[in-house]
Amino acid sequence: MARKKLCFVLPSLSGGGAERVAVHVLNALDPLLWDRSMYLFRREGPYLDALDGSIALSSGRRESRIRRWMALRRFFADTRPDVIVAFLSYLSVQSAAAAARIGARMVFDQGTPISAFLNDPDYHWRLPWRRRVFSWASRLGYQQADAVIATSTGVAEDLVAQFGVGPDRIHVVANPIDLPAIARASNEAIDPAYERALVSPVIVAAGRLADVKNYPLLIEAMAVLRARLPVRLLILGVGDREASLRRLVSRKQLDQAVTFAGFQSNPWKYIARADVFALSSRYEGFGNVLAEAMACGVPVVATSSPGTRDVVSVGRDGLLVDRHEPGELAAALARVLEDSQLRGRMAAEARRSATRFALPVIASLYDGVFRQVLA
């Protein structure tokens with residue numbers, strides 16, 4: 001195949017899961033096969049420095065939405081990519097490419113079940129008509145895309161059932177994890193301030209302190225669990241729910257058992273020292289942090305959702321909790337914590353299982369999707 005022009009488009013590289021996936025995958029694709037570029041609506045974010053220097057990076061400016069859209073249309077008209085991959089701002093990217101009349105193949109990279117997103121209180125759909133318009137526009141846009149990459153089977157099923165996307169145009173490709181980088185990072189020394197918080201038995205959780213992550217469920221489960229085990233919980237992350245979560249910890253008299261460690265640039269060195277990693281989200285499109293915890297050799301316990309069901313092999317590398325209730329989550333955590341042999345087997349299997357998500361494996365799957373839409 002002659003080298004084709006491939007462009008990834010994102011609002012920014014602000015540090016979320018989609019941004020990290022985009023940078024890792026684009027970096028890993030063969031430059032001898034793909035003329036790689038990236039376009040950002042705003043040139044900002046911590047992943048800017050992680051983008052390979054051989055990738056052409058272009059961006060808009062801080063201006064109105066319509067001006068950003070016009071700048072993107074001009075960019076497409078000037079550079080004429082063969083394949084455009086939209087992360088997040090799907091409809092803006094799709095309409096700009098159509099207006100540029102370049103005949104590019106359009107791929108959406110979908111990391112979240114849209115139905116769950118529409119009901120997520122973290123995204124304020126204050127006016128019902130806006131949600132209805134967004135839902136209608138999404139249905140139309142997804143049906144017109146040449147291909148949709150879904151991060152899990154659950155995300156794919158939601159697109160088919162709720163948005164009428166043809167199954168033949170959906171490709172389930174998990175998010176990649178950088179196994180060598182995680183291995184190196186997990187061996188780094190921890191901050192001495194958190195040594196006491198990591199005295200076994202210990203649970204570690206990580207993710208933004210937002211409603212969708214449902215930390216109150218985990219804290220309520222901790223209150224149940226502490227009645228039978230002297231377990232500790234270390235929470236990594238920041239977010240607008242931190243104050244209310246701290247109040248809940250105090251009401252449950254868990255101040256000596258729960259530690260908020262805030263944002264950590266290297267969360268893996270803490271995760272690697274856990275007896276079990278916990279994820280209590282209302283929903284996940286994939287669950288990057290679960291795969292990363294498994295790569296650290298840590299058993300995982302997670303609430304069941306579209307994404308986590310693809311990551312966790314129940315009874316082998318972790319457990320899933322179907323009923324999102326404190327007693328159920330506490331029981332699953334206790335099962336792992338109280339059985340050292342089970343925990344050891346799960347830890348070893350978790351490390352092996354994480355190789356499914358190795359960056360070279362996932363990049364190869366992306367390459368296959370792009371070749372197929374060009375065929």
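Derivation of every value follows stated rules applied to the coordinates shown; laboratory data play no part. All figures in this text were calculated on a predicted structure; none of them were measured in a lab. All Cβ positions, glycine included, derive from the backbone under ideal geometry; neighbour counts span all protein chains shown.
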Filter the stretch 79-103 for residues that are more than 20 Å from the chain's Cα centre (by Cα), buried (at least 20 other Cβ atoms within 10 Å of the Cβ) and under 20 Å from Val369 (Cβ atoms) and give the result.
-> Pro81, Val83, Ile84, Val93, Gln94, Ala97
Restrict the check to the stretch 212-221 and report whether at least one residue is in a helix (DSSP H, G or I), buried (at least 22 other Cβ atoms within 10 Å of the Cβ) and hydroxyl-bearing (Ser, Thr, Tyr).
-> yes
Could you run through the stretch 8-60 and say how many residues are touching a residue at least 60 places away in the same chain (Cβ under 8 Å) and more than 19 Å from Ile362 (Cβ to Cβ)?
-> 2
Residue list for the stretch 98-115, restricted to those being touching a residue at least 24 places away in the same chain (Cβ under 8 Å), small (Gly, Ala, Ser) and assigned to a helix (DSSP H, G or I) = Ala99, Ala100, Ser115
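Each row is one residue, and each column tells you yes or no for (1) closer than 28 Å to Arg351 by Cβ; (2) hydroxyl-bearing (Ser, Thr, Tyr); (3) buried (at least 19 other Cβ atoms within 10 Å of the Cβ).
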site: Ser135; (1), (2), (3): no, yes, no
site: Ala147; (1), (2), (3): no, no, yes
site: Ile170; (1), (2), (3): no, no, yes
site: Ala189; (1), (2), (3): yes, no, no
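Conditions (1) under 25 Å from Phe108 (Cα atoms); (2) surrounded by fewer than 22 Cβ atoms within 10 Å (Cβ to Cβ); (3) free of Cβ contacts under 8 Å to residues at least 24 places away in the same chain, marked per residue:
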residue	(1), (2), (3)
Ala274	no, no, no
Ser280	no, no, no
Val298	no, no, no
Arg316	no, yes, no
Asp322	no, yes, yes
Arg335	no, yes, yes
Ser340	no, yes, yes
Arg351	no, yes, no
Val373	yes, yes, no
Considering only the stretch 225-272, state which residues are touching a helix residue (DSSP H, G or I) at 6+ places or on another chain (Cβ under 7 Å) and either part of a loop (DSSP other than H, G, I, E, B) or without any contact (Cβ under 8 Å) to a residue 24 or more places away in the chain (or both).
-> Arg228, Leu229, Val231, Arg241, Lys252, Leu254, Asp255, Ala257, Gln264, Asn266, Ala272
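Per-residue answers, yes or no, for (1) touching a strand residue (DSSP E or B) at 6+ places or on another chain (Cβ under 9 Å); (2) of a type in the set (Phe, Trp, Tyr):
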residue: Pro167; (1), (2): no, no
residue: Ile170; (1), (2): yes, no
residue: Asp178; (1), (2): yes, no
residue: Ala189; (1), (2): no, no
residue: Pro192; (1), (2): no, no
residue: Val204; (1), (2): yes, no
residue: Arg208; (1), (2): no, no
residue: Tyr215; (1), (2): yes, yes
Kindly indicate the residue of the stretch 172-187 that is hydrophobic (A, V, I, L, M, F, W, C) and either in contact with a helix residue (DSSP H, G or I) (Cβ under 6 Å, 6 or more places away or on another chain) or more than 30 Å from Ala257 (Cα to Cα) (or both) and also surrounded by the fewest Cβ atoms within 10 Å (Cβ to Cβ) among those meeting that condition.
-> Ala181
